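To start, the structure itself, in structure tokens.
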Amino acid sequence: MKVEKGVILTAGEGKRMYPLTVTTPKALLPIGMKTAVQLVAEEMIDAGVREIALVVATASPVRRFMEFLTDNNRLKNVQIIFIEQEKPLGSGHALSVAKAFCGKENFFLANCDDLFENNACKILAETGGNCVGLVRVPKKDCGKYGIAALNDGLLKAVTEKPDDCRDGRPLAVAGRYLFDRRIFDCLTKTGFVGGELRLTDAVNLLCTMSRVNGVEIKGRRFDVGCAEGYKKAFICMVRDKKVDRKERMY
């Protein structure tokens, strides 16, 4: 499937990385000589995206950083726009403010917490349709993520941070999505819960309305939204250190 639009969410508060993110957005924390938001943008561009909308907090330095990259030809063959999210009201709300940008086209959605050894966006595009990227996590960590229930490759539901799960190696939502415009209808119908518009609720509703594929992203994954994953990503990219391929990056 050809996908030419992408949305990157950068307006989160990054509380898991305090105090580093008190003054610096987690999307701008250095990983080698690049940042998470730059790496995610490059992933989308390599997957064929030609227009990227960055959802940013008001007065966020992410905007200045990305403008510098485009002005200095560091990101080629892409048009970047910025959409402000005035308050952090959940990932679903962050996506909803990009509705006009997405229009009627299919689009990738990514956060800046998850980085991958392989191009996750390309993997989703190869499957096509509405897709949610998934990764295997240890059972003891299921309470940190949205855990997917699958049936023959179809996503049936996502349970947000369950206390326990039956699967010994559960599949967790990996911060990469491929959606069509129906996701915005689902966001409208689910509405706010506890002051947030939650993407998980909209995805679960979408699963009842249409086919949603759950696609496992193979290879190493770095959760750079937490201290341990960020440290491992930094070591790998700065020192070019070979990490045991059996070791998962959480």
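The values are calculated or read from the model by the stated rules, or taken from the named source; none is laboratory data. Everything numeric in this text was worked out from a predicted model, so none of it was measured. FYI the Cβ positions are ideal-geometry reconstructions off the backbone, even for glycines, and counts take in every protein chain you see. Remember, those area values only see protein heavy atoms, side chains included, never the ligands or the DNA or RNA. Shrake-Rupley method; radii C 1.70, N 1.55, O 1.52, S 1.80 Å.
Of all aspartates and glutamates in the structure, those lying under 13 Å Cα to Cα from Lys76, and not within fewer than 8 positions of it along the same chain, are Glu42, Glu43, Asp46, Glu51, Glu67. Working note: Karplus 6.51/-1.76/1.60 with θ = phi - 60° gives the stretch 76-81 the couplings 9, 6, 8, 9, 10, 10 Hz, where Gly and Pro are set to x. Annotation: per residue accessible area for the chain equals 49 Å², rounded to a whole number [probe 1.4 Å, protein chains only]. Surface composition of the chain: carbon and sulfur atoms hold 48% of the protein heavy-atom accessible area at a 1.4 Å probe.
Between Lys140 and Ala59, the simple label model (points 7 Å from Cα in the Cβ direction) yields a spacing of 4.3 nm.
Each label point was placed 7 Å from the Cα along the Cα-to-Cβ direction; for Arg169 and Val22 their separation is 4.1 nm.
Based on Cα coordinates alone, diagonalise the gyration tensor for the chain, multiply each eigenvalue by 5, take square roots, and list the semi-axes in whole Å, largest first.
Output for the chain: semi-axes of 24, 23, 18 Å.
For the chain, the share of DSSP beta bridges that are antiparallel, to the nearest 5, is 50%.
Near Ile31, the amide H atoms lying under 5 Å from its own belong to Ala36; only residues 5 or more places off or on other chains count, and H is placed 1.01 Å from N. Both radii are taken from the alpha-carbon atoms of the stretch 21-71; with Rh as the Kirkwood radius, Rg/Rh is 0.96. Would you mind getting me the FRET efficiency between Asp185 and Ile235? Use the beta-carbon distance for r and R0 = 45 Å, nearest 0.05. The formula returns an efficiency of 0.55 here. Apply the Karplus curve 6.51 cos²θ - 1.76 cosθ + 1.60, θ = phi - 60°, to the phi angles in the stretch 215-226 and return the couplings in whole Hz, x for Gly and Pro. Result, rounded to whole Hz: 10, 6, 8, 7, x, 6, 10, 10, 8, 7, x, 10. Relative protection proxy for 170-180, 23-33, from highest mean packing down: 170-180, 23-33 (other beta-carbon atoms within 10 angstrom). Couplings 3J(HN,Hα) of the stretch 97-109, computed from phi: 6, 9, 4, 5, 4, 6, x, 9, 8, 6, 8, 7, 10 Hz, in residue order, whole Hz [Karplus 6.51 cos²θ - 1.76 cosθ + 1.60, θ = phi - 60°; x for Gly and Pro]. Residue pairs exceeding 24 angstrom between C-alpha atoms, taken from Lys2/Lys99; Lys140/Lys232; Lys139/Lys189; Lys34/Lys99; Lys87/Lys139: Lys139/Lys189; Lys34/Lys99; Lys87/Lys139.
Note on Thr70/Leu154: beta-carbon distance plugged into 1/(1 + (r/R0)^6) with R0 of 35 Å gives a FRET efficiency of 0.35.
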